[in-house]
1. Scanning segment B:195-222 for residues that are among the polar types (S, T, N, Q) and in a helix (DSSP H, G or I), which turns out farthest from the other protein chains (Cβ to nearest Cβ)?
2. Among the residues of segment B:28-43, are any within 14 Å of chain A (Cβ to nearest Cβ) and either free of Cβ contacts under 8 Å to residues at least 12 places away in the same chain or farther than 21 Å from B:Ala143 by Cβ (or both)?
3. Please specify each residue of segment B:30-56 satisfying the condition of being crowded, with 20+ Cβ neighbours inside 10 Å and among the polar types (S, T, N, Q).
4. Taking segment B:356-383, which residues are more than 20 Å from B:Arg124 (Cβ to Cβ), surrounded by fewer than 14 Cβ atoms within 10 Å (Cβ to Cβ) and β-branched (Val, Ile, Thr)?
5. Determine which member of the set B:Ser145, B:Ser150 is hydroxyl-bearing (Ser, Thr, Tyr) and surrounded by fewer than 22 Cβ atoms within 10 Å (Cβ to Cβ).
6. Looking at segment A:254-273, which of the residues that are touching a strand residue (DSSP E or B) at 6+ places or on another chain (Cβ under 6 Å) and assigned to a helix (DSSP H, G or I) is nearest to A:Met1 (Cα to Cα)?
7. Output the residues belonging to segment B:1-19 that are surrounded by fewer than 17 Cβ atoms within 10 Å (Cβ to Cβ) and more than 7 Å from chain A (Cβ to nearest Cβ).
8. What residue, of A:Leu184, A:Leu164, A:Leu180, is more than 30 Å from A:Met277 (Cβ to Cβ), away from chain B (no Cβ under 13 Å), touching a residue at least 24 places away in the same chain (Cβ under 8 Å) and of a type outside the set (Asp, Glu)?
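The values are calculated or read from the model by the stated rules, or taken from the named source; none is laboratory data. Quick caveat, the model's predicted, so the values are computed rather than measured. FYI the Cβ positions are ideal-geometry reconstructions off the backbone, even for glycines, and counts take in every protein chain you see.
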Protein chains: 2
Amino acid sequence: MDNFIFQSPTKFVFGKNTETQVGTLLKESNAKKVLVHYGTGSIKRSGLFDRVIKAINEVGIDYLELGGVVPNPRDTLVYKGIELCKKEQVDFILAVGGGSVIDSAKAISAGALYDGDFWDFFDRLEQVKETLKVGVVLTIHAAGSEGSTSSIITKTSPLRKKGLNTELFRPVFAIINPELTFTLPTYQTAAGIVDMMSHIFERYFTKSKNVILVDRLSEATMVTIIEAAKVIIKNPTDYEARATICWASTIAHNGSLGVGRGSDWATHRLEHELSAMYDITHGAGLAVMIPAYMRYTVKSDIQRYRRFAIKVMKVKDNKRKPLKVAMLGIDRLEAFFKSLNMPTSFKEINMSIDDIPKLVENLYVNVGERVGNYQTLTMEDAKKIYELACK
Amino acid sequence: MDNFIFQSPTKFVFGKNTETQVGTLLKESNAKKVLVHYGTGSIKRSGLFDRVIKAINEVGIDYLELGGVVPNPRDTLVYKGIELCKKEQVDFILAVGGGSVIDSAKAISAGALYDGDFWDFFDRLEQVKETLKVGVVLTIHAAGSEGSTSSIITKTSPLRKKGLNTELFRPVFAIINPELTFTLPTYQTAAGIVDMMSHIFERYFTKSKNVILVDRLSEATMVTIIEAAKVIIKNPTDYEARATICWASTIAHNGSLGVGRGSDWATHRLEHELSAMYDITHGAGLAVMIPAYMRYTVKSDIQRYRRFAIKVMKVKDNKRKPLKVAMLGIDRLEAFFKSLNMPTSFKEINMSIDDIPKLVENLYVNVGERVGNYQTLTMEDAKKIYELACK
């Protein structure tokens with residue numbers, strides 16, 4: 001087990017009707033002026049926005065609003081949010097939405113207390129030293145951003161999708177009411193499931209040794225996600241399955257399944273180029289990249305992939321043919337993605353083999369010569385993985 | 001899944017040589033004057049005390065020391081600590097030790113900012129409103145107090161052992177170096193293993209429904225504890241097994257395995273009367289009480305005990321004889337405790353059936369007419385469970 005530091009200070013308020021507590025939680029957090037940040041209006045149509053505003057009004061806290069966050073959230077709105085926060089002396093950002101809204105809120109929270117261009121942080125030119133506090137009312141189980149240290153923003157010109165991690169990005173509170181996910185489109189639900197699983201994969205496929213406890217915790221979470229996913233795809237208003245998925249999604253990315261081990265993140269980096277260039281849903285892009293990444297790296301640690309196949313994908317073991325077992329595990333995972341109607345090849349997301357040189361070029365600009373930790377990949381490897389994803 | 005709030009803000013700094021970071025962590029916590037609180041001197045003999053003091057000196061923070069905490073920590077030393085903190089204007093308590101030292105530090109941290117008698121908190125006459133910050137250098141994997149909300153103190157006159165829970169009791173940081181546990185006496189190691197398992201049992205045996213994710217996380221942790229326990233009992237300096245046990249011990253009691261479900265705590269309450277009256281090690285008392293409690297309550301939810309037997313104790317399932325499977329699970333757990341040389345009956349801890357009326361009388365004073373949540377026990381039930389523990 002590697003040495004580690006783990007701290008997850010976010011107060012998770014989980015369950016039915018918990019969004020009514022948002023006023024009290026803002027009060028507890030000493031918020032004086034709140035920027036309510038959200039997406040493209042579904043929270044207004046669903047009535048959630050009104051309920052949140054009512055709760056804020058009840059505690060007499062001042063607020064203003066900034067909607068319009070889109071999937072693969074853009075720097076343009078982040079700049080707008082920063083300007084608003086500075087001008088109106090906002091001291092708290094309430095993200096009402098999913099990963100994109102939360103990531104946008106986090107980027108604003110850093111930029112609002114910085115004189116320069118917030119993109120400096122994403123370009124690693126400056127370190128984040130302070131942020132406004134961010135709170136969350138979660139509406140999509142996917143990104144785990146409600147408990148994570150990360151924010152991923154797409155720069156529009158020149159086109160770049162980049163992530164930034166800092167402990168300062170952990171929200172102070174996150175309200176998670178599984179009922180709010182009942183109305184998610186099936187595609188979003190499915191993409192979210194791939195995303196949360198990928199957050200576990202990025203940590204599970206590790207070179208670190210003697211990590212059996214977290215291996216088992218991760219396997220328990222993955223098995224449960226797969227089971228509950230099958231339920232909610234059929235019955236989107238199954239509260240218990242939604243609740244299970246919601247909490248799994250949070251712990252998949254709050255770091256608790258990453259302690260004591262190196263993590264990888266190559267698949268995420270490879271996918272970011274897809275969603276940056278073609279603006280596809282991150283989870284859908286991951287469903288394309290994960291099987292390709294796994295098949296390419298399987299031989300680097302057959303035993304770990306074999307373990308995954310047996311423990312998570314329930315493949316029958318065959319000690320004499322570990323590679324076969326490992327490959328079967330990947331096949332079954334891909335079949336699971338397909339069962340969620342997720343794409344698993346370039347063709348299905350309208351990309352072609354001709355796009356690969358540009359993807360690799362962009363990847364190189366963002367990560368340099370190498371990417372990943374489980375197996376360190378060169379740009380030549382990246383190219384081959386993209387090719388595998390073409391099929 | 002029940003609604004829940006989960007927040008575990010403690011910064012866990014885990015791994016080899018991490019105690020050298022104590023100065024930096026105190027600095028980060030803005031400590032100005034530290035009370036270094038510890039037990040009966042083993043940390044002085046081992047050299048740990050000197051290393052800690054060196055690290056504190058290096059960052060130039062003022063400190064004073066208070067040793068002498070004993071297992072089942074006493075109110076008398078808590079009073080002494082409170083007096084010292086008030087007199088010397090201590091603003092941070094550093095607990096260097098195991099659960100007893102940390103619990104004592106937590107009680108002092110509440111009393112130091114209160115004008116009345118700290119026992120008022122334990123008697124539920126007053127609520128804790130503020131505490132001094134507490135940090136931890138852990139030396140015993142057992143109580144999980146390094147990440148928990150609880151403190152358990154023994155009042156010497158009249159004799160009472162009582163627990164108190166408040167979110168304010170979460171340590172700000174906890175340094176966990178598994179190497180520091182290498183020299184633990186085998187008995188302490190074993191008692192600690194029973195204690196950490198009991199923290200999971202108290203949450204695992206629940207009436208709450210649809211808790212499959214946390215069930216599986218709990219089972220993963222229990223299976224791993226049992227496996228690693230067998231290794232460290234044979235080879236106390238096996239770093240990886242110690243590390244596994246250390247982290248399992250922390251997550252067993254930081255609340256992460258208790259989300260979304262009611263917990264019980266009857267076994268703990270029944271045991272507290274044993275260790276209060278006879279000053280035995282808490283974990284040893286639990287090894288006596290757990291099998292008795294389980295056998296008494298098994299029929300209240302045979303399917304849950306059956307699941308435990310199959311998933312954790314690896315009993316072969318027999319759908320037609322669920323009670324038999326459930327009982328076999330309890331038998332195997334008891335056998336596991338015995339394999340650790342833990343006592344599993346009153347006789348082995350020099351208690352007799354004649355002690356039971358007094359135990360029940362004390363229990364009644366501490367908890368009232370009923371105890372527990374999984375199965376609500378009357379004092380008559382408690383008596384029968386104590387009788388079962390006599391054998």
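1. Of all residues in segment B:195-222, those among the polar types (S, T, N, Q) come to B:198, B:206, B:208, B:210, B:218, B:221.
Then drop every residue that is not in a helix (DSSP H, G or I), which leaves B:198, B:218, B:221.
Details: B:Ser198: 18, B:Ser218: 9, B:Thr221: 7 Å.
My answer is B:Ser198.
2. Let us first name the residues in segment B:28-43 that are within 14 Å of chain A (Cβ to nearest Cβ), namely B:28-29.
Next, only the ones that are either free of Cβ contacts under 8 Å to residues at least 12 places away in the same chain or farther than 21 Å from B:Ala143 by Cβ (or both) stay: B:28-29.
Checked segment B:28-43: at least one residue is within 14 Å of chain A (Cβ to nearest Cβ) and either free of Cβ contacts under 8 Å to residues at least 12 places away in the same chain or farther than 21 Å from B:Ala143 by Cβ (or both).
3. none
4. Scanning segment B:356-383 gives a single hit, B:Thr378.
5. Details: B:Ser145 fails: surrounded by fewer than 22 Cβ atoms within 10 Å (Cβ to Cβ).
On inspection, the qualifying residue turns out to be B:Ser150.
6. A:Ala266
7. Of everything in segment B:1-19, just one residue is surrounded by fewer than 17 Cβ atoms within 10 Å (Cβ to Cβ) and more than 7 Å from chain A (Cβ to nearest Cβ), namely B:Asn17.
8. Numbers: A:Leu184 fails: more than 30 Å from A:Met277 (Cβ to Cβ); A:Leu164 fails: more than 30 Å from A:Met277 (Cβ to Cβ).
Exactly one of A:Leu184, A:Leu164, A:Leu180 is more than 30 Å from A:Met277 (Cβ to Cβ), away from chain B (no Cβ under 13 Å), touching a residue at least 24 places away in the same chain (Cβ under 8 Å) and of a type outside the set (Asp, Glu), namely A:Leu180.
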